[in-house]
Every structure is written in C-alpha cells, then in structure tokens.
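Below: the structure, in structure tokens.
The values are calculated or read from the model by the stated rules, or taken from the named source; none is laboratory data. These numbers were taken from a predicted model, which means no experiment stands behind them. Cβ placement follows ideal geometry from the backbone for every residue including glycine, while neighbour counts extend to all protein chains displayed.
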Amino acid sequence: MRDLKGVHHVTAITSSAEKNYDFFTNVLGMRLVKKTVNQDDIQTYHLFFADDVGSPGTDITFFDFPGIHKGTHGTNEIFQTGLRVPSDKALKYWANRFERLEIKHTEIKEQFGKKVLSFVDFDDQQYQLISDEANHGVASGTPWQNGPIPLEFAITGLGPLFVRIANFEYFKEVLEKVLLFKEIASEESTYLFEVGEGGNGAQIIVEHNAKLPQAIQGYGTVHHAAFRVEDRTDIDDWNRRLQGFGFQTSGHVDRYFFESLYARVAPQILFEFATDGPGFMGDEPYETLGEKLSLPPFLESKREQIEKSVRQFDTIRSTIKFVKE
C-alpha cells in the first residue's frame, strides 16, 4: 500500500465564473489551465487554476452551480485552502499587494513554525498563503511565467488543507489509521498532520471545534479536496482499503484529465484520490492552455448543447502581455 503523495487539488464553489477568473488571473496570478464543465452537471463551469504547466498538487478548481445560495462557514468543513509562495519576503509582497487592491487580509503570522498570511475573495472563500522558506518535503510547482506576479513572489502550488471538525477523535483516527497520516505538532486546539514526504504540500491542519454551528455548503465554501496517487493501481488499492474500513466509495471514475475515487470520510468532508496524470495538456498546447472550452471525449458529442447552456466569457491571455508588478 503506497502512501498518498500529498494534496492533489481543492475544488470550491464560486458565485461567478467570470469574477473567479478575474480574481485568480489578475489578482493572484495563477494560470487558468482548463476551462471545462462539471462532468456530472454540464451546465456548470469547472475552472482549473494551477501553476505554469498544470502540475498535480498546484490546482484549485471551481464550480459555479446556477442559482446556488451563499455558504456559511462553521464546523465540519474544509474551511480554508493553503497556497504556497517561495519565501517570507514573498508574504510581505502579498500583504502590500492586497492592501493596494483592497483585498481583505490578516497580518503576517506564524503557524507551526511557518510564516502565513490569510485572505478572502469576493465570496468570502478562505485562503492562506504559506511561506516555503523553512519547508522540507513535497516539491512545489513552477509559477506562471507570463503572469502578472514577479516570479520570486508568485504562488507555486497548494499548501495545507484546513479542516474544522466537531468530533476530533474520530477524524484523527480516520487520518491516522485509514489514510496513514501522522500527527506531528499541535497548538492549542489545532493539530498538524502530514503524509508521505510531508511538508507544506502534504499536510492537513485540523481545528477541533464543537462550538460553531455546522457549516452549510454553498458558494464561498470548499466542495471537496483531493490527494495525489500515482496510478490506477493505487486507485484500486485505496478503494479496497476504504471499503475495508466500512466507507462507501464512488469506485473508479475516469475524469479524463486524471482518474479518481471519492469517499465521504466524516460529516460533510468529501475526499477524492486522484492520479497525477494524464494532465491538462493532452488537448491544448502550452501556449493557449485554458483559452477554449475543453471537453473530455465522452462529452464532445454534446458540445453544441453545452456551449448554449453555459455563459460565454473570454479567457484568452496568449495575446496579452501582463506587466509584472
């Protein structure tokens, strides 16, 4: 049984694909590597923002379900997404950038020996930048080379997942006995777990919180989080392991860009296990990643129907020269 390789992606819900694209492109400087639709709800956009080449462990993705209500943060949710930057100095750059662009944020703080900076987007979606300066473990990605952020400060991938949970002892048992994470530190009611090579790209930070009301999923909240596995053999191994512990699973799901397995491991906590490949460049060249509506082969016959049901919006960037500032 091979260990999980770290965080693969986080999928959240947005109120607006257009605003989401603008925020991640022009404010955060992450690259849209795939503009597609939710394969289970084809009238819903699914946008993938990642590093320069869409490396596994670097992508945060968004659904924009039509008519969905605003979510409410609370306990029993993946409540915040970590994003990695190269250094402590980079956090100072981002604090100044957020101030200038009027993005709501905290001061730079220290958490488990790392410098961090939390912020929110237009939907009150929660994020945290974390410095890789003192980090050891899973390597991060490559910043978007042609984006608006100076490369020495740019976001390179996903950091720790943040989970609030009411029944901490149960969730700790799931992480350690089922998913093979190890608890490596704690600060008051917050606990740090890691898996595999460890480090910022392979960690979960769990807050024990039985006081807050249960979170309600909607836009501004995380839908699910995924962990990296190597291949289909790992998918099948993890499927058997999860079922052996009594969890219901989706079984193998082919998402075209990667292969997946899903399991709800705690109240409102949906985890996915996703392969590193094939990746995002099979149907689009590097130069124009994310600029067209990309559909997996099994949806291509429905392209005309899909293009009529989703709102068209422009994601062409190859003709734009961003000024790094």
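Being in contact with a helix residue (DSSP H, G or I) (Cβ under 7 Å, 6 or more places away or on another chain) and closer than 22 Å to Ser131 by Cα is a property that Ile184 lacks. Every condition in (1) of a type in the set (Phe, Trp, Tyr); (2) more than 24 Å from Gly277 (Cα to Cα); (3) in contact (Cβ under 8 Å) with a residue 24 or more places away in the chain is met by Phe98 except one, and the failing one is (3). Kindly evaluate Asn239 against the criterion of being among the polar types (S, T, N, Q), surrounded by 17 or more Cβ atoms within 10 Å (Cβ to Cβ) and over 30 Å from Arg31 (Cα atoms). So Asn239 fits the description; yes.
None of Ala166, Ala185, Ala154 is closer than 16 Å to Val53 by Cα, of a type in the set (A, V, I, L, M) and touching a residue at least 12 places away in the same chain (Cβ under 8 Å) except Ala154.
Note on the range 270-298: residues that are at pLDDT 95 or above, not polar (S, T, N, Q) and not in a loop (DSSP other than H, G, I, E, B) total 11.
The range 1-75 holds strands (runs of 3 or more DSSP E) entirely within its bounds, and those carrying 2 or more residues that are under 20 Å from Pro160 (Cβ atoms) map to 7-13, 41-50, 59-63.
Residues that are out of contact with any Asp or Glu (no Cβ under 8 Å at 6 or more places or on another chain) and farther than 16 Å from Met281 by Cα within the range 29-45 comprise Gly29, Val37, Asn38, Gln39, Asp40, Asp41, Ile42, Gln43, listed in sequence order. In the set (1) within 28 Å of Ala166 (Cα to Cα); (2) surrounded by fewer than 19 Cβ atoms within 10 Å (Cβ to Cβ); (3) touching a residue at least 60 places away in the same chain (Cβ under 8 Å), Ile108 fails one condition alone, (3).
Scanning the range 224-278 for residues that are under 22 Å from Asn76 (Cα atoms) and of a type in the set (A, V, I, L, M) returns Ala225, Ala226, Leu242, Leu261, Ala263, Val265, Ala266, Ile269, Leu270.
Within the range 287-308, the set of residues being of a type in the set (Ser, Thr, Tyr) and surrounded by 13 or more Cβ atoms within 10 Å (Cβ to Cβ) comprises Thr288, Ser294. Within the range 204-242, the residues that satisfy the criterion of being part of a helix (DSSP H, G or I) and either closer than 17 Å to Ala266 by Cα or in contact (Cβ under 8 Å) with a residue 24 or more places away in the chain (or both) are Arg232, Asp234, Ile235, Asp237, Trp238, Asn239, Arg241, Leu242. Output the number of residues of the range 290-309 satisfying the condition of being touching a strand residue (DSSP E or B) at 6+ places or on another chain (Cβ under 6 Å) and closer than 26 Å to Leu261 by Cβ. Total meeting the criteria: 3. Check whether at least one residue in the range 24-38 is of a type outside the set (Phe, Trp, Tyr), within 27 Å of Trp238 (Cα to Cα), surrounded by fewer than 20 Cβ atoms within 10 Å (Cβ to Cβ) and touching a Ser or Thr at 6+ places or on another chain (Cβ under 8 Å), and report yes or no. Yes, that holds for at least one residue.
When the range 111-161 is filtered for residues that are crowded, with 22+ Cβ neighbours inside 10 Å, in contact with a His (Cβ under 8 Å, 6 or more places away or on another chain) and either among the small types (Gly, Ala, Ser) or more than 21 Å from Gly6 (Cα to Cα) (or both), only Leu117 remains.
In summary, Val265 fulfils each of the numbered conditions (1) under 20 Å from Thr44 (Cα atoms); (2) touching a residue at least 12 places away in the same chain (Cβ under 8 Å); (3) surrounded by 12 or more Cβ atoms within 10 Å (Cβ to Cβ) with the single exception of condition (1).
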